[in-house]
Structure formats: structure tokens, C-alpha cells
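Worksheet: the structure to be examined is printed underneath.
The values are calculated or read from the model by the stated rules, or taken from the named source; none is laboratory data. Keep in mind that this is a model prediction, so the values were computed, not measured. Virtual Cβ from ideal backbone geometry, glycine too; neighbours counted across all protein chains shown.
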Amino acid sequence: MRRDFFAPALRALPRRQMALSYNFNLEPSTMLLQASDSTFLIVDMQGRLMPVIHDNEAVLNTTHKLAQAARLLDVPVVATEHHSKMLGVTVDPLRDIVQSTFQKMHFSSTREPGFEAWLPAARKTILVAGCEAHICVLQTVIGLADMGYKAVLVSDAAGSRKPADHHAALRRARAHGADIVTSEMAIFEWMQTCEHPRFRDVLRLVK
């Protein structure tokens with residue numbers, strides 16, 4: 001068979017498709033989460049909002065578990081509060097584990113002056129949890145992606161009043177370039193190996 005047999009077909013492929021066809025050697029680190037590059041951002045899990053969120057106890061427990069794991073693995077844990085005079089402060093037990101809180105009035109945290117400067121420096125992957133998934137969480141995730149961050153929505157640590165809105169938020173975030181993960185995906189990608197020195201401590205959280 002002549003070596004140029006496939007040349008006409010390859011020339012017909014779009015440039016992007018040709019690049020994907022030959023991209024067999026991606027390093028795992030380009031796809032998986034890295035603790036050293038990550039920040040965990042909890043959006044608006046506040047006292048007057050959480051009670052109306054569908055399955056709120058599960059969302060809160062998952063967020064707390066991920067926040068605890070993040071602290072064990074040296075991932076900064078930060079939070080926003082939306083119009084706290086109306087919606088209250090970050091709920092327990094998250095309040096004690098959050099390292100910094102940012103006040104906002106915009107639905108998208110990224111539109112609030114000073115937000116990017118407030119984020120932990122030199123970390124380009126932002127995992128986002130919180131409420132409501134289809135409003136402040138979604139707008140923040142899309143804003144982060146627009147700013148050049150690797151925006152990651154933690155599906156089981158985000159909630160809305162209606163399940164349909166939560167599902168729609170995940171679909172739209174993915175369509176705009178965000179990664180969608182679960183809390184355990186994040187935890188085990190951060191650790192990388194069962195030889196991690198905090199493996200046993202973290203494992204107690206997920207069992």
C-alpha cells in the first residue's frame with residue numbers, strides 16, 4: 001500500500017480533528033486535578049439560603065467532607081457570601097473551616113471588584129461548590145473559565161431549590177468549558193496515590 005494512501009482523507013479533516021487524532025501522548029497531569037494548583041471555592045452556602053435547597057443536608061455534608069480533605073491536602077478553602085445582611089453568614093460547620101470569605105452583591109463572583117486579587121495566588125484550578133447551582137455557582141464558573149482559570153464544578157457539592165435547575169446548571173457549565181466532577185473524584189485526584197502521607201486521614205472522611 002502506498003504511504004500516501006490516506007493523504008487525501010487526512011487533508012479533508014478539519015485542523016482540530018487532525019490534532020485530536022494524533023494527540024495520543026497527553027500527560028495525566030494535564031487532565032487530572034492537582035492539589036498544588038487547586039483552590040476550593042464555596043459559593044454562598046448561607047444561613048437563610050441553605051434550608052430551601054433541595055437535599056440540603058447531603059449537599060452540606062459533601063461540601064464539608066471536601067473542605068476537610070482540601071485542608072488535609074493543603075488546598076486553600078475559601079468562600080463567598082452574597083448580600084450577607086439578607087442571606088446571613090456561611091453556615092456551620094463550614095464557617096470554621098473556611099480560610100477567607102469574600103463579600104459580594106453580583107451573582108457572579110468574578111464580576112465583583114477585587115475578586116481575582118482575593119483568590120489564592122498562583123493557583124489556576126478553581127473547584128466550585130455552593131448554591132444556587134444554576135445562579136451564582138454557574139455564573140461564577142463561567143466567569144472563571146472566561147478569565148482563563150480551569151473551572152471545575154463539583155456536582156454533588158452544589159445545590160438548587162429545584163433538581164431540574166441543578167441538572168441544567170451542570171449541562172450549561174460543561175457546554176462553556178468547565179469540568180464536572182464529584183467530590184470523591186477531586187479527593188482521589190488530589191492524593192494521586194495510596195502512599196500519600198495523608199491517605200489514611202482522608203480515607204476516614206470518605207468511608
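For the residues Thr30, Thr62, the requirement of being on the phi < 0 side of the Ramachandran plot, of a type in the set (S, T, N, Q) and surrounded by fewer than 21 Cβ atoms within 10 Å (Cβ to Cβ) singles out Thr30.
Filtering region 76-88 for residues that are modelled with pLDDT of 95 or more, farther than 12 Å from Gly130 by Cα and surrounded by 22 or more Cβ atoms within 10 Å (Cβ to Cβ) leaves a non-empty set. Residues in region 167-207 that are in contact with a strand residue (DSSP E or B) (Cβ under 8 Å, 6 or more places away or on another chain), surrounded by fewer than 16 Cβ atoms within 10 Å (Cβ to Cβ) and not hydroxyl-bearing (Ser, Thr, Tyr) were compared, and the one that is farthest from Ser38 (Cα to Cα) is Arg174.
Restricting attention to region 56-71, the residues that are in contact with a Cys (Cβ under 8 Å, 6 or more places away or on another chain) and closer than 22 Å to Arg200 by Cβ add up to 0.
Out of the residues in region 48-82 meeting the condition of being touching a strand residue (DSSP E or B) at 6+ places or on another chain (Cβ under 8 Å) and assigned to a loop (DSSP other than H, G, I, E, B), tell me which one is nearest to Gln192 (Cα to Cα).
So the first thing to find is which residues in region 48-82 are touching a strand residue (DSSP E or B) at 6+ places or on another chain (Cβ under 8 Å), and the list is 49-50, 53-56, 58-59, 62-63, 66-67, 70-71, 75-82.
With the extra rule that they be assigned to a loop (DSSP other than H, G, I, E, B), the set shrinks to 49, 53-55, 75-76.
Numbers: Leu49: 35, Ile53: 33, His54: 32, Asp55: 30, Val75: 14, Pro76: 18 Å.
So, considering only residues that are touching a strand residue (DSSP E or B) at 6+ places or on another chain (Cβ under 8 Å) and assigned to a loop (DSSP other than H, G, I, E, B), the one nearest to Gln192 (Cα to Cα) is Val75.
Candidates are the residues of region 124-166 that are among the acidic types (Asp, Glu) and free of Cβ contacts under 8 Å to residues at least 40 places away in the same chain; the one that is surrounded by the most Cβ atoms within 10 Å (Cβ to Cβ) is Asp165. Scanning region 49-105 for residues that are among the polar types (S, T, N, Q) and in contact with a Lys or Arg (Cβ under 7 Å, 6 or more places away or on another chain) turns up just one, Thr80.
Scanning region 100-123 for residues that are assigned to a loop (DSSP other than H, G, I, E, B), surrounded by 15 or more Cβ atoms within 10 Å (Cβ to Cβ) and either of a type outside the set (Ser, Thr, Tyr) or free of Cβ contacts under 8 Å to residues at least 12 places away in the same chain (or both) yields His106, Phe107, Glu112, Leu119, Pro120, Arg123.
Within region 83-99, can you find the residues that are assigned to a helix (DSSP H, G or I) and either within 23 Å of Trp190 (Cβ to Cβ) or of a type outside the set (S, T, N, Q) (or both)?
Quick first cut of region 83-99, residues assigned to a helix (DSSP H, G or I) only: 84-87.
Residues satisfying the conditions are Lys85, Met86, Leu87.
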